[in-house]
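One structure below.
The values are calculated or read from the model by the stated rules, or taken from the named source; none is laboratory data. All figures in this text were calculated on a predicted structure; none of them were measured in a lab. Backbone-built Cβ (ideal geometry, glycine too); neighbour counts: all protein chains shown.
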Amino acid sequence: MNMEIEKLDIDSIFVKYTINEIRDIEEKIKVDMERKKEELRSMVGERYRDLIEAADAIFEMKTCAKGVEQFVHLLNDKCSKIDHTLLTQLSTSNTTSDKQLSKLTLVISVKILTETRRRCWMFLEENNFAAAARQYLLAQHMASSLSSSTTDEQLDNDSQKAIVAATRLWHQSRHMKATILDKCRLYLKSIDTNVQILANALSTLIAFGNKSVEQALHEFLTAKLVCIFAQY
């Protein structure tokens with residue numbers, strides 16, 4: 001079946017050709033698209049090859065970024081419901097259970113705050129920017145909960161001291177947000193990048209850095225251009 005793909009009339013295809021012939025046409029169109037894509041890559045040369053390949057991945061990154069953004073927002077919603085759930089449980093339990101639950105919540109909160117900076121750095125060393133952001137947001141919520149508990153007369157002196165110490169550690173860790181975002185932007189400028197890690201960095205900029213998808217992709221393309229021109 002000889003034909004020029006460019007001159008095909010879409011409306012007449014289903015009238016003139018059989019199903020098998022239409023499938024052959026589809027395959028030829030796909031082959032022609034790949035051939036033209038390779039011709040375009042050859043025309044622009046190696047200098048802009050990275051940008052073309054990045055364009056092929058932008059739609060996948062955009063979907064992934066929106067997914068992570070939704071996940072982080074969901075995490076925030078879950079965290080905001082923790083206090084309400086605990087208050088509900090406290091109001092329906094006896095005094096002994098109240099004290100045990102309060103003590104357990106305090107221990108968990110203090111543990112999270114004391115581990116936040118170390119765990120953030122651990123995730124950053126693995127280029128897992130989203131996990132570092134998640135750890136930071138969880139610690140931020142716990143610190144907010146503890147600050148409202150310092151006036152609780154039911155807490156003993158040791159608990160009060162633990163809250164004060166944990167709060168100080170949180171204040172020392174608050175700079176980690178800027179560090180996480182800086183690490184994301186630094187990865188965008190890397191020469192050898194992994195698509196999944198790149199999507200992780202872009203997603204973190206969107207959800208954690210309050211960037212729109214368009215702003216994050218603009219940062220990515222700008223950083224990539226700077227990186228490419230720096231090589232020549």
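Evaluate region 142-151: report whether one residue or more is without any contact (Cβ under 8 Å) to a residue 24 or more places away in the chain, in a helix (DSSP H, G or I), closer than 22 Å to residue 109 by Cα and of a type in the set (S, T, N, Q).
Within region 142-151, one or more residues are without any contact (Cβ under 8 Å) to a residue 24 or more places away in the chain, in a helix (DSSP H, G or I), closer than 22 Å to residue 109 by Cα and of a type in the set (S, T, N, Q).
Per-residue answers, yes or no, for (1) in contact with an Asp or Glu (Cβ under 6 Å, 6 or more places away or on another chain); (2) in contact (Cβ under 8 Å) with a residue 40 or more places away in the chain:
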{"site": "167", "(1), (2)": "no, yes"}
{"site": "173", "(1), (2)": "no, yes"}
{"site": "182", "(1), (2)": "no, no"}
{"site": "201", "(1), (2)": "no, yes"}
{"site": "206", "(1), (2)": "yes, yes"}
{"site": "219", "(1), (2)": "no, no"}
{"site": "225", "(1), (2)": "no, yes"}
{"site": "229", "(1), (2)": "no, no"}
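I'd like the full set of residues that are of a type in the set (Gly, Ala, Ser) and within 24 Å of residue 73 (Cβ to Cβ), limited to region 183-232.
Scanning region 183-232 gives 199, 201, 203, 207, 209, 212, 216.
Does residue 177 satisfy the condition of being surrounded by fewer than 17 Cβ atoms within 10 Å (Cβ to Cβ), free of Cβ contacts under 8 Å to residues at least 60 places away in the same chain, at negative phi and not in a loop (DSSP other than H, G, I, E, B)?
no
Within region 180-232, can you find the residues that are surrounded by 15 or more Cβ atoms within 10 Å (Cβ to Cβ), part of a helix (DSSP H, G or I) and β-branched (Val, Ile, Thr)?
Across region 180-232, the qualifying residues are 180, 197, 204, 206, 213, 228.
Which of (1) touching a helix residue (DSSP H, G or I) at 6+ places or on another chain (Cβ under 9 Å); (2) under 30 Å from residue 211 (Cα atoms); (3) at pLDDT below 70 does residue 84 not meet, given it meets every other one?
Here residue 84 clears every test but (1).
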